[in-house]
Each structure stands twice: as C-alpha cells, then as structure tokens.
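Here the structure is laid out as structure tokens; the discussion comes afterwards.
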Amino acid sequence: MIKYLVIAIISCFATYLLKDTVSSLEYSAYKAVLAALLNISSIIFAIIGAWIAIIYPRAIGRAFKGKQVTDQTLKDADTDADYLSQLVEIVLVSAIVLMFVLSIEFSVPIAKNLITGYWLTYSKYAAFFLVSLLTLSQLYAVFRVILANYFFLNDLRKKNADGKVDTLHQL
C-alpha cells in the first residue's frame, strides 16, 4: 500500500511542479493517454485474470492432493500463494485503472459544460493528478508483471536444474 502512496505523492509533486503547463492543457491532450491506459489495463486484466484461474486451482490441488501433506507441498503452496497475491494485486490495479478511465471518459463531456471560472483551473489540476496517478500505477503494474515473470522463470529453471541433479544422483 505504501508504494501506491508514493505514486500518489509523485503525482501530486508533478502536478505542483507543472501547474503552469497543466492549467493550459485541454482534455484532448489526455485522450491518447487514456486510450492507451484503457487498452493496457484491459489486456493485463484479461491475461493475468486467466493466469490466476489456471494457477489457483493447481495451487489448492497441490496443497491438499492425497492424504499426506508434506513440508515440501506446503512450501510450494506458500510459494504459489505469494505469487498469486502478486498477480491479484496487478489485476486489482488494472481493474481500478479501467474503472477510473471509463469514469473519466464518461464524465468529462458533462463536466466541460458545468465547470467554469476558477474551478476550471482546479479541475485541470485534479485531472492531471488523476491521469498521472493512473499512468504511474499502471506502469508499476506492468513492471510487476515483468518482474513476476522473470522470477517465475528463474524459479522454474532452478527447479528443473535441481531435478536434473537429483536424477543424476540417483543413477
């Protein structure tokens, strides 16, 4: 949770530093970013969601298959649970980004007609803050997907190497 607080602070700091530029931006400046966020979030949400659906049943099955539960089985189940919690966090971030982007896309045309005067400047600050927060959060989620795959591949290679060594020792 602290990492998302840090992302919010960075977004707030960027909003403050760029306040003169932000006040001159129009909604059209954000359209490409919002479209990219919508696409990336949708893809990550779908792929990681399917990945969870495949991994989670296997994790439960591994932990409770058969009558004996060994220490190794429990260790593997804990590893799967840790990995699964990382994936669920990524899905949640992508889902939240999707919801906010859809809300922005829906509400901006209405807000353009309702917000006037000095409130317009503050709404531009809020819009920049929100879009930068969503962008940084989604970038962090993509980075977490990359790291999760990297560590998953390393663990898989290590288990394969250990299995080969164990096979050689049995000969």
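If I filter the range 127-171 down to residues being of a type in the set (D, E, K, R) and more than 14 Å from Glu89 (Cβ to Cβ), which single residue comes out as modelled with the lowest pLDDT?
Per the criteria, the residue is Asp166.
Here is a yes/no grid of residues against (1) among the hydroxyl-bearing types (Ser, Thr, Tyr); (2) touching a residue at least 24 places away in the same chain (Cβ under 8 Å); (3) out of contact with any helix residue (DSSP H, G or I) (no Cβ under 8 Å at 6 or more places or on another chain):
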residue	(1), (2), (3)
Ser85	yes, no, yes
Glu89	no, yes, no
Val97	no, yes, no
Tyr140	yes, yes, no
Phe143	no, no, yes
Lys159	no, no, yes
Thr167	yes, no, yes
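For the range 18-121, which fully contained helices (runs of 4 or more DSSP H) count at least 1 residues that are open to solvent by 80 Å² or more (accessible area, probe 1.4 Å) and either more than 28 Å from Thr135 (Cβ to Cβ) or modelled with pLDDT under 90 (or both)?
Helices (runs of 4 or more DSSP H) meeting the threshold: 28-64, 71-114.
Taken over the range 122-171, residues that are open to solvent by less than 80 Å² (accessible area, probe 1.4 Å) and outside any helix (DSSP H, G or I) amount to 0.
The values are calculated or read from the model by the stated rules, or taken from the named source; none is laboratory data. As the structure is a prediction and not an experimental result, all values here were calculated from the model. Please note: Cβ atoms are built from the backbone with ideal geometry, for glycine as well, and neighbour counts cover all protein chains shown. Surface areas here come from the heavy atoms of the whole protein model, side chains and all, with no ligands, DNA or RNA. Shrake-Rupley method; radii C 1.70, N 1.55, O 1.52, S 1.80 Å.
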